[in-house]
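The values are calculated or read from the model by the stated rules, or taken from the named source; none is laboratory data. Treat the numbers as computed from the prediction; the structure is a model and nothing was measured. Backbone-built Cβ (ideal geometry, glycine too); neighbour counts: all protein chains shown. For the accessible areas, the whole protein counts, side chains as well, though only heavy atoms, and no ligand, DNA or RNA atoms are used. Shrake-Rupley method; radii C 1.70, N 1.55, O 1.52, S 1.80 Å.
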Amino acid sequence: GVPNTEIIPETKNTLNFGIDASMFNHRLDITADIYRALNHNLIMPVSVSAAYGTNYLYKNAASAVNTGYELGINYAAIVKGDFRWNIGATVAGNKCEITSLGGQNTMLFQMSDGSALISEIGKPLYSFYGYQTTKGNSVFASTTDAQAAALKNSAGKTFRAGDVYFVDQNSDGIIDDRDRVNLGSADPDLFGRIFTTFQYKNFELSANFGYSLGNKMYNAVRRNMESMSDFTNQLVSVNKRWMSEGQVTQIPRADYGDPMGNNRFSDRWIENASYLKLKEVALSYKFNFMEGSTVFLSAENLFTITEYLGLDPETMYSYDVSLRGFDYAKIPLPRSFKLGFNIKL
């Protein structure tokens with residue numbers, strides 16, 4: 001890339017209010033926090049002329065406000081003799097709102113595979129930006145349906161039965177770049193964990209769940225393997241593609257080279273990536289003759305409950321925050337089992 005020697009450090013000013021409370025002789029513990037953070041001089045990739053030899057130059061180009069909350073509860077449900085049962089949960093939410101883009105209202109970031117991100121004043125950083133399909137009828141089932149819509153692509157070709165029914169946002173009869181809209185972001189509405197611990201004498205059994213609600217993911221793997229635009233192997237889901245007049249389906253017809261752009265970056269590939277995952281379950285035993293020493297058996301990532309069709313809804317393509325909602329087939333978190341000892345002398 002091209003260096004920018006005028007970059008200065010980002011700044012963040014945070015106002016936070018919190019409370020910690022313990023009640024009923026420490027049977028119930030509650031922590032709560034609310035915050036508002038002002039972020040200035042955010043470093044972002046800004047489009048530059050091709051004369052630079054690169055697509056983007058990093059600059060202090062944005063400001064944003066983050067408001068959010070965190071709540072944690074831990075309850076000792078049973079404390080009786082040698083038996084204890086604790087249960088708890090945390091929940092957090094964060095809302096990001098861009099307040100400045102260096103004099104611009106929007107910033108568009110185009111990826112090499114045709115996917116795109118947009119940052120807009122008043123909305124979160126790095127939202128998905130693409131085409132919207134009609135709900136419940138995303139593929140023209142019949143010639144009559146296609147003729148009624150009377151849509152063409154940017155090359156002047158008319159959409160017909162079996163093609164994807166994209167929303168003509170500006171009502172000009174042409175599906176082109178001007179019909180792209182904000183498709184949401186990878187930011188969750190809520191996230192946190194749920195945990196519980198059982199203790200009986202020297203034995204302890206614990207389980208820790210993680211969850212996220214409202215986050216979206218771009219399934220680039222499915223886009224590539226449902227494209228039906230060349231001779232590469234495809235997913236079995238393409239067996240449900242449109243093949244005959246009147247057929248109702250969500251998968252368009254196979255068409256070599258994809259001349260109609262049915263495979264273009266759209267909400268077809270933006271999936272709900274909410275999940276509930278068993279992060280860890282562990283069984284341990286504490287020895288009496290060596291105080292503080294334990295033996296344990298644990299398992300991680302045993303199962304995940306999600307509607308996401310990719311390998312892992314918790315994946316993150318890179319450390320670049322702009323790509324946190326992109327799934328390019330990165331290896332998912334593994335299921336692992338451990339037997340260990342913690343010996344204190």
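Summary of values
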read-out	value
Å² per residue, accessible surface of region 290-338 at 1.4 Å	64 Å²
Residues with amide H under 5 Å from that of ILE175, placed H, sequence gap 5 or more	LYS152, ASN153, SER154
For SER100, residues with placed amide H under 5 Å, excluding near neighbours	SER63
Cβ crowding within 10 Å averaged over residues, with 19-30, 192-203 ranked highest first	192-203, 19-30
Estimated vicinal HN-Hα couplings, Hz - region 283-292 in sequence order (Karplus 6.51, -1.76, 1.60; Gly, Pro = x)	10, 9, 9, 9, 7, 7, 7, 10, 4, x
Angstrom value of the Kirkwood radius, inverse mean 1/r, which spans all Cα pairs in region 161-310	19.6 Å
Candidates PRO313, PRO124, PRO259: whichever shows maximal mean-square fluctuation once the chain is modelled as a Gaussian network with Cα springs under 10 Å	PRO259
Structure-derived Rg and Dmax of the Cα atoms in Å: which label, when the choices are [x] 21.3, 67; [y] 24.5, 78; [z] 25.7, 82	[z]
Per-residue SASA entry for SER237, accessible area with 1.4 Å probe, Å² rounded to 10	30 Å²
Point-charge dipole on Cβ atoms (K/R +1, D/E -1) for the chain, about Cα centre, debye to 20	720 debye
Cα pair distances of region 74-129 binned at 5 Å [whole percent]	4, 14, 16, 10, 9, 7, 5, 6, 6, 8, 8, 5, 2, 0
More than 25 Å apart - percent of Cα-Cα pairs taken over region 221-345	50 percent
Phi to ³J(HN,Hα) by Karplus 6.51 cos²θ - 1.76 cosθ + 1.60 over region 113-123, Hz, x for Gly, Pro	8, x, 6, 8, 10, 9, 10, 10, 4, x, 10
Cα-based Rg / Dmax (Å) for region 89-240	21.8, 76
³J(HN,Hα), Karplus 6.51/-1.76/1.60, whole Hz, each residue of region 133-147, x for Gly, Pro	9, 6, 6, x, 8, 6, 10, 5, 6, 9, 4, 4, 4, 5, 5
Overall Cα dimensions of region 240-303 - principal axes, largest extent first, Å	77, 22, 20
Positive-end extreme of charge dipole, region 206-341 - chosen from THR249, THR304, PHE326 (charges on Cβ)	THR304
Calculated [θ] (222 nm, deg cm²/dmol) that DSSP helices of n ≥ 4 give over the chain, each run adding -39,500 (n - 2.57)	-1000 deg cm²/dmol
Of LYS12/LYS59; LYS80/LYS201; LYS216/LYS330; LYS286/LYS338; LYS123/LYS216; LYS80/LYS338, those spanning more than 21 Å from alpha-carbon to alpha-carbon	LYS80/LYS338
Computed Kirkwood radius, in angstrom, where 1/r is averaged over Cα pairs of region 32-137	17.6 Å
